[in-house]
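Taking it in order: structure first as structure tokens, then the write-up.
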Amino acid sequence: MSSSVESLVNKEYKYGFVTDIESDMAPKGLSEDIVRFISARKHEPEWLLDWRLKAYRGWVKMTEPHEWPNIRYQPVDYQNLRYYSAPKTGKPFGSLDEVDPKLLETYEKLGIPLSEQKILAGVAVDAIFDSVSVGTTYKAKLAEQGIIFCSFGEAVQEHPELVRKYLGSVVPASDNFFAALNAAVFSDGSFVYIPKGVRCPMELSTYFRINTAETGQFERTLIVAEAGAHVSYLEGCTAPKRDENQLHAAVVELVALEGATIKYSTVQNWYAGDEKGRGGIYNFVTKRGKCAGANSKISWTQVETGSAITWKYPSVILQGDNSVGEFYSVAVVNGHQQADTGTKMIHLGKNTRSTIVSKGISAGQGQNSYRGLVKVLPKAAGARNYTQCDSMLIGNRCGAHTFPYIDVQNSSSSVEHEASTAKIGEDQIFYLKQRGLNTENAISMIVNGFCKEVFKELPMEFAVEAQKLLGISLEGSVG
Amino acid sequence: MLNIKDLRASAGGVEILKGINLAVRPGEVHAIMGPNGSGKSTLAQVLAGHPAYEVTGGSVTYLEQDLLDMEPEERAQAGVFLAFQYPVEIPGVSNAYFLRAAYNEIRKARGMEEVDSMDFIDLLEEKLKLVEWESEIMSRAVNAGFSGGEKKRNEILQLAVLEPKLAILDETDSGLDIDALRIVAAGVNKLRSQDRSFIVVTHYQRLLNYIVPDHVHVLSSGRIVRSGGKELALELEARGYEWVEAAEAMA
Ligand SMILES: Nc1ncnc2c1ncn2[C@@H]1O[C@H](COP(=O)(O)OP(=O)(O)OP(=O)(O)O)[C@@H](O)[C@H]1O
Ligand SMILES: [Mg+2]
């Protein structure tokens, strides 16, 4: 029996199939014409086209980030990508009965049934296939309370005033290279609006699927919670196995007004590439929330197990007094995966509070970096932050890195940072094996225990899913 | 039940066990005593299959099977249980969850149905009584922040739940206060049966007053240098290990 905690076997990616469906596609490459093409396909108003074009012109002048993040990747050939692909049969905003059965089958296979009879009770789903939304469940029921939950494209048509008011208000089009790219070419995404004082009666969820080869996915999500509103939103994602890398550059903006709460949970399981490190998704995502009103709260929870590269920093701007920002993260890298993830908590208002709990797990030859910024501005008297950043290593060829940036500009604030790195102990594994568990179950139990503080933040069904996923993504990490 | 023949094992290139012979029949209790560093824990760990030790010679048969050829979890599933000298902490995993997972793995391996958490709680309540413990302990993370004595008691609770055929207790008495020692020993005595055997590693005769052994062995520098009945432990207590070691040197 070997005592080494390394192995070569890698678990097959379960969601790697391709749906054979005819698509309406933009020609390859990126130019102002492509931006116009996308905007025209989506029958967008003039102001939105202008917004896109401005973003595009800004993007052209920016450079892809390679220096500061602790990740290595081949520069993306943006002219060799396709920026729009829609299943041909999918009516833009049709009801679910009109959706192509092949698509329904795809989601069924992914464990996301879209027919309302079968769907998980208490979860409404918006399904995004390549560039467009193929259907949203429970829309009518939510509308009874004035809640808007629809695809971004539909929101542009039906609620242009809301979209125009908040689009880019948290993540400006010029924010960074990938955010600018997204602003220019975003195709679809979800839109959520919770009116004043309404507590959304069910979990809202978007399920993203990349299907077509050489297509980037650039979705955009905007969630607005009016004063006193409350919403919990979940996001899940998968993609077929392909040899080439695929780009996913999404933007998520959250706006919480006075006393509102937004809880945003992600379970990301994009295809991570094969055992040699070929293929897999480049997950370059900008997520940011603004606690615009006093006593508001934004909480990010993420479980990142997929993608060849993950580059994302879900952040909170704590503008309202007494507002609260939270970031709970589990990031797993195995095989050749790389992750550079963390958060930014920007304290502007008085007595604002933020909590960061990051759990990084590295196995195989994976490289996992936590990068976090806590910034407290002069006016944020009495602000407090607590950061806990733990890393776990499985084997000898992986790495864990921590880059905390702390910038406190007043004297009444307190910032606390705790960090730990542990190697998964052979003695822990042996102890569990001595009690009858095999190696994989032992590791999965130890790792799940390590991630417990984050999992308890997830809605119930998702927590179970996340635990399973973690087990699967670490299978074969130890021999 | 267990037959150890000329067992040799080393760690980090150093030979620790230098030819152990030991036969344990069903229902027997064997005590193993011996000075610090003589190889008692190594023997226990080798029987359980710890990867840090390399078996360099000899054989171990357990219930007609080649024990050394089995994975640690297969040994556990076949009824080998080791109460660790230093139980390991598993942060974030509740004691109850862990113990049910272990219980079900062992049941599965034996072709039995898994039990759900409700049924398991009933079973647990009963076993907790055996070690005179409150159920609060079950919601805490496995051994995390447990006192030395609590960790040992937790090992015996696991023993009671998993009902092994061969239980190896490595210094379970160390670190227990007088009451806890009595409770743990009483628990072990209740678990004694015709078809369950024990190997009890200890430094103290005191434990053997409670758990009366059938055989006592003295391990010294990786070898069993003396075996006898329960009186041997008393003699050791009175005369120290030097006495056996000197006798061994003369032989
Ligand atoms: N994993 C290991 N690597 C190297 N040396 C080891 C290892 N395990 C044990 N040893 C050495 O082997 C010898 C026997 O150790 P062991 O723990 O078996 O003794 P013990 O009889 O249980 O002692 P104690 O009564 O103190 O518990 C010691 O010298 C110890 O340092
Ligand atoms: Mg010992």
Any hit, region B:100-118, residues being in contact with an Asp or Glu (Cβ under 7 Å, 6 or more places away or on another chain), more than 14 Å from chain A (Cβ to nearest Cβ) and of a type outside the set (D, E, K, R): no
query: Mind checking which pairs have a first residue in region A:45-70 that is part of a helix (DSSP H, G or I) and a second that is at pLDDT below 95 and among the hydroxyl-bearing types (Ser, Thr, Tyr), Cβ under 8 Å, 6 or more apart or different chains?
result: A:Leu48/A:Ser39; A:Leu49/A:Ser39; A:Arg52/A:Ser39; A:Ala55/A:Ser174; A:Gly58/A:Ser174
- prompt: How do the pairs read when you match residues in region B:205-216 that are hydroxyl-bearing (Ser, Thr, Tyr) with residues anywhere that are modelled with pLDDT under 95, using Cβ under 6 Å and keeping only pairs 6 or more apart or on different chains?
  reply: B:Tyr210/B:Ala185
field: Selection within region B:88-99 - within 7 Å of another protein chain (Cβ to nearest Cβ) and in a loop (DSSP other than H, G, I, E, B)
entry: B:Val88
- prompt: Checking B:Gly39 against (1) buried (at least 16 other Cβ atoms within 10 Å of the Cβ); (2) away from ligand 2 (no atom under 16 Å from the Cβ), which test does it fail?
  reply: (2)
task: Please state which of the following conditions A:Gly436 fails to meet, knowing it meets all the rest: (1) among the small types (Gly, Ala, Ser); (2) crowded, with 22+ Cβ neighbours inside 10 Å; (3) more than 14 Å from chain B (Cβ to nearest Cβ).
output: (3)
- request: Say whether the condition of being more than 16 Å from ligand 1 (Cβ to nearest atom), closer than 18 Å to A:Ile429 by Cα and over 20 Å from the mean Cα position of the chain (by Cα) is met by at least one residue in region B:136-150.
  value: yes
task: Filter region A:426-467 down to residues that are among the small types (Gly, Ala, Ser) and part of a helix (DSSP H, G or I) and give me whichever is farthest from B:Tyr53 (Cα to Cα).
output: A:Ala463
- prompt: Looking at A:Asp175, A:Asp188, which one is acidic (Asp, Glu), surrounded by fewer than 21 Cβ atoms within 10 Å (Cβ to Cβ) and part of a loop (DSSP other than H, G, I, E, B)?
  reply: A:Asp175
- request: Determine which member of the set B:Ile32, B:Ile4 is away from ligand 2 (no atom under 16 Å from the Cβ) and assigned to a strand (DSSP E or B).
  value: B:Ile4
- request: Confirm whether B:Gly27 is surrounded by fewer than 16 Cβ atoms within 10 Å (Cβ to Cβ) and either at positive phi or within 13 Å of ligand 2 (Cβ to nearest atom) (or both).
  value: yes
- prompt: Say we look at region B:45-68 and pick out the residues that are within 17 Å of A:Glu426 (Cα to Cα) and either outside any helix (DSSP H, G or I) or touching a His at 6+ places or on another chain (Cβ under 9 Å) (or both); which of these is nearest to the other protein chains (Cβ to nearest Cβ)?
  reply: B:Pro51
field: Residue selected from region B:130-151 under the condition part of a helix (DSSP H, G or I) and within 14 Å of chain A (Cβ to nearest Cβ), by the criterion modelled with the lowest pLDDT
entry: B:Ser139
message: Among the residues that make up region B:123-132, is at least one of them within 16 Å of ligand 1 (Cβ to nearest atom) and closer than 21 Å to B:Glu171 by Cβ?
response: no
statement: Of the candidates B:Pro91, B:Pro87, the one satisfying the condition of being within 30 Å of B:Asn209 (Cα to Cα) and more than 13 Å from ligand 1 (Cβ to nearest atom) is B:Pro87
query: Where in region B:152-248 are there strands (runs of 3 or more DSSP E), lying wholly inside it, with at least 3 residues that are closer than 24 Å to B:Met1 by Cα and within 14 Å of chain A (Cβ to nearest Cβ)?
result: B:166-170
field: Subset of region A:32-57 that is at pLDDT below 95 and among the small types (Gly, Ala, Ser) - its residue that is farthest from the chain's Cα centre (by Cα)
entry: A:Ala40
task: Scan region A:412-425 residue by residue and report those that are within 14 Å of another protein chain (Cβ to nearest Cβ), over 26 Å from the mean Cα position of the chain (by Cα) and either of a type outside the set (A, V, I, L, M, F, W, C) or outside any loop (DSSP other than H, G, I, E, B) (or both).
output: A:Ala422, A:Lys423, A:Gly425
- prompt: Got a sec? Which of B:Gly37, B:Gly19 is assigned to a loop (DSSP other than H, G, I, E, B) and within 16 Å of ligand 1 (Cβ to nearest atom)?
  reply: B:Gly37
- request: Determine which member of the set A:Ala140, A:Ala213, A:Ala227, A:Ala180 is modelled with pLDDT of 95 or more and either assigned to a loop (DSSP other than H, G, I, E, B) or surrounded by fewer than 24 Cβ atoms within 10 Å (Cβ to Cβ) (or both).
  value: A:Ala227
- request: Mind listing just one residue for me: the one in region B:186-202 that is aliphatic (A, V, I, L, M) and buried (at least 20 other Cβ atoms within 10 Å of the Cβ) and, of those, nearest to ligand 2 (Cβ to nearest atom)?
  value: B:Val201
- request: Check whether at least one residue in region B:56-68 is under 27 Å from B:Leu236 (Cβ atoms) and within 14 Å of ligand 1 (Cβ to nearest atom), and report yes or no.
  value: no
task: Tell me, please, whether a residue that is under 21 Å from A:Gly29 (Cα atoms) and either of a type in the set (Phe, Trp, Tyr) or modelled with pLDDT under 75 (or both) can be found in region A:257-272.
output: no
query: When both residues are 6+ apart or on different chains and their Cβ atoms are under 6 Å apart, which pairs have a first residue that lies in region A:342-368 and is within 16 Å of A:Gln302 (Cα to Cα), and a second that is acidic (Asp, Glu)?
result: A:Thr355/A:Glu326; A:Val357/A:Glu453; A:Lys359/A:Asp390
query: Here is a list of conditions, (1) within 7 Å of chain A (Cβ to nearest Cβ); (2) buried (at least 21 other Cβ atoms within 10 Å of the Cβ); (3) touching a strand residue (DSSP E or B) at 6+ places or on another chain (Cβ under 7 Å), and B:Ala83 meets all of them except one; can you say which number that is?
result: (1)
statement: A careful count of residues in region B:42-57 that are more than 16 Å from ligand 2 (Cβ to nearest atom) and over 17 Å from the mean Cα position of the chain (by Cα) gives 5
message: Just to be sure before I move on: is B:Leu124 in contact (Cβ under 8 Å) with a residue 60 or more places away in the chain and of a type in the set (A, V, I, L, M, F, W, C) in the structure I sent?
response: no
- prompt: Just to be sure, is B:Ala9 touching a Leu at 6+ places or on another chain (Cβ under 7 Å) and within 14 Å of chain A (Cβ to nearest Cβ)?
  reply: yes
message: With the requirement that a residue be exposed (fewer than 11 other Cβ atoms within 10 Å of the Cβ) and among the acidic types (Asp, Glu), what does region B:127-151 give you?
response: B:Glu134, B:Glu136
- request: Might you let me know whether region A:368-390 holds any residue that is more than 30 Å from B:Ala76 (Cβ to Cβ), touching a strand residue (DSSP E or B) at 6+ places or on another chain (Cβ under 7 Å) and within 14 Å of another protein chain (Cβ to nearest Cβ)?
  value: yes
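The values are calculated or read from the model by the stated rules, or taken from the named source; none is laboratory data. Quantities reported herein were computed from a predicted structural model and do not represent experimental measurements. Backbone-built Cβ (ideal geometry, glycine too); neighbour counts: all protein chains shown.
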